[in-house]
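K.L.:
Sharing a structure with you now.
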Amino acid sequence: MQVCRLSSSPNIDNGNYVFAQWHHYTWHIAQYSCEEIIGWSHQPRTKSPVLRDGKWSDDPPSLIVCPEPDVPDDGYVVGYDFNVHSSIEYHCEAGNLLVGTRTLTCNTQGEWSGDPPRCQYIDCGKVQPMPYGSASYINSTTYLGSEIVYTCVRNYKLVGPSRRSCQENGQWSDSSPRCEEIRCPEPVLTAHAILSVTGNDRVYGRTLIKTADSAASVATYKIGALVKYRCERGYKVMGDPLSTCEDSGHWSGDVPQCVFVDCGMPTPPAHGRFTLASNATYYGAAVLYECDDNYELDGFARRLCLENGTWSSDTPSCKEIVCKEPEKLGSMIVQVSTHSVGGVAHYSCPRGSILEGNSTRICLSKGVWSGKLPNCRFNKRAKLASSIVGLGDVREA
């Protein structure tokens, strides 16, 4: 009778065996076991009896291995261990959708846990052109996972998503954005303010005037439109009176305010009086000065109430109107009663001369003497008569 020696018992990888019975003359039984998580190709407790011819019955158990997995078109498999309990993962090339189970596991039957998936190509196609904007395709592709970036031309803003991606359903994510013109809202109209808007397309080439009493409007204004603020009578602008619609859709600067200014009642000059042009003393109002008869104004006849609450320039004065010393020719004699208005200058000539012209001139309200300067003309007859009289006196002597 042949005996199976220990050394002739077949070894297995990832496992070991023990003899269940020990006899030198007849049956030896080897019982196999595998390491943890390792599968058998037979039942785990299989025993191999020794035959009488000295050979082991059956083949020894071996490690369970699944066949090489199928790879789908446009896809690939990650995982190189096909032993029992091992897993593999399927992936698709860019632009393809994995249809089926991504992960398969090798079971104890030496089979994969499911059918291999397939890769389905997905293309979302080109999007419609966007007015006043453009769509840029990242990597110049439109298949699954591709992205679009939207931008607008100058003076337009994007309303909606700036990026969209190609989805599994073959549609781009979200809805299409649009490019909307950037416009500024109605400028703020503060109390007692008046504003004018230039450059709005509703009144192209014109200036729109708005006041607090204007009807409410929801108009918008183009980039570059200019607003100029001014105030009602008696108010001054505090702040920058100019504001521009910027490409951000906002008006530049801060909104100016209208502040009331009053200069108070002015003081009349001596021998004079004033008149309030608009019967008011607030900012922008004017005061007019005039003098009594025979007085003239020295200074500005018109003053304005300034934004600092004072009247422009100094208060004028009223000076008496006087005539200068009357002119005379040669030895002419002039006697002046007074140089004030109404004063009289009396002209006379020396002996032997005759006065030609008016002998009197009056000081007028303009500060000049009336009429023309008289003239003293030499009198020949008077001179001859004087000589004859003198000669007769000599003869008598």
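K.L.:
Distance check, please: which entries in K319/K372; K319/K366; K126/K222; K328/K372 exceed 22 angstrom between their Cα atoms?
P.N.:
Result: K319/K372; K126/K222 exceed 22 Å.
K.L.:
In whole Hz, what ³J(HN,Hα) sequence does region 320-331 give by Karplus (6.51, -1.76, 1.60; θ = phi - 60°), x for Gly and Pro?
P.N.:
Taking θ as phi minus 60°, the curve returns 5, 7, 10, 9, 6, 4, x, 6, 8, 10, x, 8 Hz for region 320-331.
K.L.:
Would you please name the trypsin sites (Lys or Arg not before Pro) within region 221-318 that are DSSP coil residues with at most 13 other C-beta atoms within 10 Å of their C-beta?
P.N.:
When the trypsin sites (Lys or Arg not before Pro) of region 221-318 are filtered for loop state and at most 13 Cβ neighbours within 10 Å, R233 remain.
K.L.:
Which of the trypsin sites (Lys or Arg not before Pro) found in region 118-163 are loop residues per DSSP with 11 or fewer other Cβ atoms within 10 Å of their Cβ?
P.N.:
Listed in order of number, the matching sites are K126, R154.
We did not get these values from a lab; they are worked out from the coordinates using the rules stated. Predicted model, so just to flag it, every value in this text is computed and none were measured. Cβ atoms come from the backbone with ideal geometry, glycine included; neighbour counts cover every protein chain shown.
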